[in-house]
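Report on the following structure.
Throughout, read-outs are computed from the coordinates displayed, never taken from laboratory work. Predicted model, so just to flag it, every value in this text is computed and none were measured. Cβ coordinates were reconstructed from backbone atoms using ideal geometry, including for glycine residues, and neighbour counts include every protein chain displayed.
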Amino acid sequence: MKNVVLSLVALAGLAAVASAAPVSLTPNSGFGVNGWLAPVAGSTLGTSNNERSFAYNPATGNLIVASRTGGNSLKTYSGATGAQVGTLNLGSGVVTGGTFQINQVGATRDGQIFVGNLQTDTRTNNIKIYRWSNESAAVDSTPWANTTVASPVGAVALRMGDSMDVTGSGTDARVVMGHGNNLAIGGYTIFQAGGVKTSVTTFSPALTGSRFRLGLTFGANANEVYGKVSSDSLYGTSYVDGNSVGTRLSTAIALTSGGESQMDYANIGGAPILAVLDQNNSTLRVYNLTDPNNPVLLASANATSGTLASNANGSGSVQFGAIDHANQTATIYAMATNQGISSYTFVVPAPGSAALLALGGLVATRRRR
């Protein structure tokens, strides 16, 4: 009888887990209109391929959009409402050089802001990364990083600046940029304080091609990088500081759609979560990445409406906003170029604690038999 009671308790625990609130991804109605800050032609969030990146600033809760419409600018928008609230100070004569002088933007958890240029051949043209200590400060008088980067295949030009992510804080901040130009040997370059760089260009097992050109993110720590380009698979890697050889964490993993590229990673109450944007239609999909070889689709949503302008360059951004670990919720922002910015609330149940307790009860009854 004791075993029967224990089994019933365990089954009740599993039933409770099964009946718990499901995973959800819901547009935030207070942001823009029904969760969508729609693009406006000719504005600094427009439809002319000039806005290819934004960042979420944890120190202020604002979004920072890098725009080239009417000249270079970095506009700040309220992460709660989508209203424009300010502009970063670009200084005078500091931001110079590049195919695009500004393109990708990221922010650290202590509010530092990093902006990278775009170069189509970094072998002879410097990739530059600019730094602001906070939203109210002017850009640092000299670039945080200012250097050429050798191509892993020598004679082929190395394009950088289409993808970027930022992690860390203080002097431990670091930036990663993906390698492009359809190289036979791809990879990414890590930048650290003082412009110190490490290009990770070979992997074990081997990984060829420009797998990190359009979308990449730091993973569980500053030495993990995930990447994907359109019509290709997701790849997870790790690297050792100062070493050009990285380790593959996963095989080639197909996601839901070939259009998925831009991404961001977060740990939400113990659950490793990857949010990925479909650059073709602004659909956001969220995956559990407990097993990097088997991402599990948890939810998808699309807050946009009507006919969207084409995102011909396949660019954009995904950013986790505020995360409430206790309640297993997070805000996620997504932007496909020319298609505006969307804001969502993501809810994920706790990672299996009740289920494990229930299963533990079942195991215990079996052991006593």
Neighbour net charge for Pro58 - beta-carbon separation under 12 angstrom, K R +1, D E -1: -1
Pairwise centroid distance, computed over Cα atoms, of the stretch 315-348 with the stretch 245-280, Å: 14
Cα gyration tensor, the stretch 155-305 - rounded (a/c under 1.5), prolate or oblate: prolate
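Give me Lys228, Lys197, Lys75 ranked fewest to most by other Cβ atoms within 10 Å of their Cβ, as a rough exposure proxy.
Fewest-to-most Cβ neighbours within 10 Å comes out as Lys197, Lys75, Lys228.
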Counted charge near Tyr265, where neighbours are those whose Cβ lies closer than 11 Å (Asp, Glu -1; Lys, Arg +1): -3
Order of Asp140, Asp291, Asp232 under a 10 Å beta carbon neighbour criterion, fewest first: Asp291, Asp140, Asp232
The chain: C-alpha gyration tensor shape, a/c 1.5 cut-off, then a/b vs b/c: prolate
Euclidean distance of C-alpha centroids, the stretch 185-236 and the stretch 120-150, integer Å: 19
Acute angle (nearest 10 degrees) that the helix 353-367 long axis makes with the longest principal axis of the chain, alpha-carbon atoms: 40
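May I ask you to derive the relative contact order of the stretch 197-313, considering only C-alpha pairs under 8 Å and at least 6 residues apart, and to give it as an integer percent?
Values: 255 pairs, mean separation 22.1, N = 117.
Value for the stretch 197-313: 19 percent.
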Helix 2-18 axis, angle to the chain major axis (alpha carbon atoms, nearest 10°): 30
Net dipole in debye of the chain [+1 Lys, Arg Cβ; -1 Asp, Glu Cβ; about Cα centre; nearest 20]: 800
Dipole of the chain, positive end: most advanced residue of Ala220, Leu158, Thr124 [Cβ charges, Cα centre]: Ala220
Exposure proxy order (Cβ contacts within 10 Å, fewest to most) of Thr99, Thr307, Thr329: Thr307, Thr99, Thr329
